[in-house]
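Report on the structure given below.
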Amino acid sequence: MHELQITERILDIVLKHALGQDVTKVVRIHLRIGALSDLEDEWIQHYFDYLSRGTVAENAQLAIRRAPAVLCCLSCSCSFEVTREELGRARCPECGEPGLELVAGREYLIENMEVL
Amino acid sequence: MSDAVRLIEVKEEIHADNERVAQGLRSQLAQKKTFLLNLMSSPGAGKTRTILKTIDALRDRFRFGVLEADIDSTVDAELVAARGISVVQLRTGGFCHLDASMVAKGLAALDLDVLDVVVIENVGNLVCPAEFDTGAARNVMILSVPEGDDKPLKYPLMFTVSDVLLVNKMDYLGLSDFDLKAMRERVLRLNPRIQIFEISAKTGQGFDQWAAWLSREASSFIGPVSGILRDIRP
């Protein structure tokens, strides 16, 4: 729902990192977005295409990798990956306890970008 | 010039800016000794009514202010102002959530020197507000009985970022097939540290326990000494 605001941030960060690096064109931007995000990849790209017009990032492709949610067991401290659908239903695969804490799955990271 | 593709490392978190503003706000509020509470829920879960009832319960102990966020209306702010409570209306103009900068603007319009607790009534939405740190000391969410016990499965993020879950409209429980036990299990699997209070903002059920929690949290934030010294009400 707030894809536009997020996309503005992505563009700001990309342009900041391109500055002074002799970049003529940003080809691809690699993003890592946690499984708990409800943002639509397609809309992020649409907004990016619109916002980036006339900048070095025009026509850049957003390569979005979904990072899994990771839970940590409060009883035995083991951590394991779950899908979004398994959240709220999961039990620790080691000890079977239901007390689990989310340790990853909320991230919104720009990892790197391919430039010319 | 080479036309070979080069890789530039970025490693930057998109929300980092907002988190910086939120942290700044938190230290400012700690200095001012103002406890900021962020209240989130879907539309119609009973945020405004819960705020009013909570203030009624704790008015003798704390001086309250309210930040009302709405996409485009002042209905809630008018209700709060009618009770003589300091309130600021934030119109998000289509935005689905509040971020720390918007909260900072709203707080600037309140006199924090005469307020102990400020409650943010976030935009009614179980998705977006969960992603943005507002600078609040604590996050509280409401799930109302008519919304159904499956909401933790549909909107997991909201339940993972909240310190407290208020299950509101408990007076509807007998009229619905809401499974309280299943809901609790789902929530605790997402967030084992969350505090759950069953309330009804209509009948007042459960407000003693909820108000006691808020009172404890706010007192420990504000400090016991200032709580006694600052007994002059505006």
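The values are calculated or read from the model by the stated rules, or taken from the named source; none is laboratory data. Being a predicted model, the structure only gives us computed values, none of them experimental. When we count neighbours, we look across all protein chains shown, and the Cβ atoms used for this are built from the backbone with ideal geometry, even at glycine. Ligands, DNA and RNA are stripped out before the accessible areas are found, and what is left, the full protein with its side chains, is counted by its heavy atoms. Shrake-Rupley method; radii C 1.70, N 1.55, O 1.52, S 1.80 Å.
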Quiz item: Taking into account only those residues within the range B:189-205 that are in contact (Cβ under 8 Å) with a residue 40 or more places away in the chain and open to solvent by less than 30 Å² (accessible area, probe 1.4 Å), which is nearest to residue A:103 (Cα to Cα)?
Solution: B:199
Self-check item: Near pairs, Cβ below 8 angstrom, 6+ apart or cross-chain, from the range B:1-27 (more than 7 Å from chain A (Cβ to nearest Cβ)) to any residue that is part of a loop (DSSP other than H, G, I, E, B) and among the acidic types (Asp, Glu)
Solution: B:1/A:22; B:18/B:99; B:18/B:133; B:19/B:133; B:21/B:99; B:22/B:133
Exercise. For the range B:61-72, indicate whether the set of residues that are free of Cβ contacts under 8 Å to residues at least 60 places away in the same chain, within 13 Å of chain A (Cβ to nearest Cβ) and either part of a strand (DSSP E or B) or of a type in the set (A, V, I, L, M) (or both) is non-empty.
Key: yes
Quiz prompt | Qualifying residue in the range B:33-41 (condition: assigned to a helix (DSSP H, G or I) and either within 20 Å of the chain's Cα centre (by Cα) or within 30 Å of residue A:112 (Cβ to Cβ) (or both)) | solution = no
Self-check item: Selection within the range B:13-41 - within 21 Å of residue A:34 (Cβ to Cβ) and surrounded by fewer than 18 Cβ atoms within 10 Å (Cβ to Cβ)
Solution: B:13, B:16, B:17, B:19, B:20, B:23
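Here is a yes/no grid of residues against (1) in contact with a helix residue (DSSP H, G or I) (Cβ under 8 Å, 6 or more places away or on another chain); (2) surrounded by fewer than 24 Cβ atoms within 10 Å (Cβ to Cβ); (3) within 14 Å of chain A (Cβ to nearest Cβ); (4) among the hydrophobic types (A, V, I, L, M, F, W, C):
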{"site": "B:127", "(1), (2), (3), (4)": "yes, yes, yes, yes"}
{"site": "B:138", "(1), (2), (3), (4)": "yes, yes, no, no"}
{"site": "B:153", "(1), (2), (3), (4)": "yes, yes, yes, yes"}
{"site": "B:158", "(1), (2), (3), (4)": "yes, no, yes, yes"}
{"site": "B:164", "(1), (2), (3), (4)": "yes, yes, no, yes"}
{"site": "B:168", "(1), (2), (3), (4)": "yes, no, no, no"}
{"site": "B:173", "(1), (2), (3), (4)": "yes, yes, no, yes"}
{"site": "B:181", "(1), (2), (3), (4)": "no, yes, yes, no"}
{"site": "B:187", "(1), (2), (3), (4)": "yes, no, yes, yes"}
Practice problem: Pull up the range A:65-93, narrow it to residues that are part of a strand (DSSP E or B) and open to solvent by 40 Å² or more (accessible area, probe 1.4 Å), then point me to the one that is nearest to residue B:10 (Cα to Cα). | Solution: A:65
Practice problem: Could you look through the range A:1-43, keep only residues that are facing chain B (nearest Cβ under 8 Å) and in a helix (DSSP H, G or I), and pick out the one that is surrounded by the most Cβ atoms within 10 Å (Cβ to Cβ)? | Solution: A:14
Quiz item: Is the range B:42-59 home to any residue that is at pLDDT below 95, farther than 30 Å from residue B:176 by Cα and either part of a helix (DSSP H, G or I) or open to solvent by 10 Å² or more (accessible area, probe 1.4 Å) (or both)?
Solution: yes
Quiz item: So residue A:96 fits all but one of (1) more than 8 Å from chain B (Cβ to nearest Cβ); (2) crowded, with 16+ Cβ neighbours inside 10 Å; (3) part of a loop (DSSP other than H, G, I, E, B); what number is the exception?
Solution: (2)
Quiz item: Name the pairs: first residue in the range B:77-94 and in contact (Cβ under 8 Å) with a residue 12 or more places away in the chain and of a type in the set (Lys, Arg), second residue part of a loop (DSSP other than H, G, I, E, B) and exposed (fewer than 14 other Cβ atoms within 10 Å of the Cβ), Cβ to Cβ under 9 Å, at least 6 apart or on different chains?
Solution: B:91/B:72; B:91/B:73; B:91/B:74
Exercise. Test residue B:100 against the stated conditions and say whether it is of a type in the set (Gly, Ala, Ser) and in contact with a Phe, Trp or Tyr (Cβ under 8 Å, 6 or more places away or on another chain).
Key: yes
Quiz prompt | Given (1) farther than 19 Å from residue B:47 by Cα; (2) modelled with pLDDT under 95, number of the condition residue B:217 does not satisfy | solution = (2)
Quiz item: Any idea which of (1) without any contact (Cβ under 8 Å) to a residue 40 or more places away in the chain; (2) closer than 30 Å to residue A:8 by Cβ is the one residue A:108 doesn't satisfy?
Solution: (1)
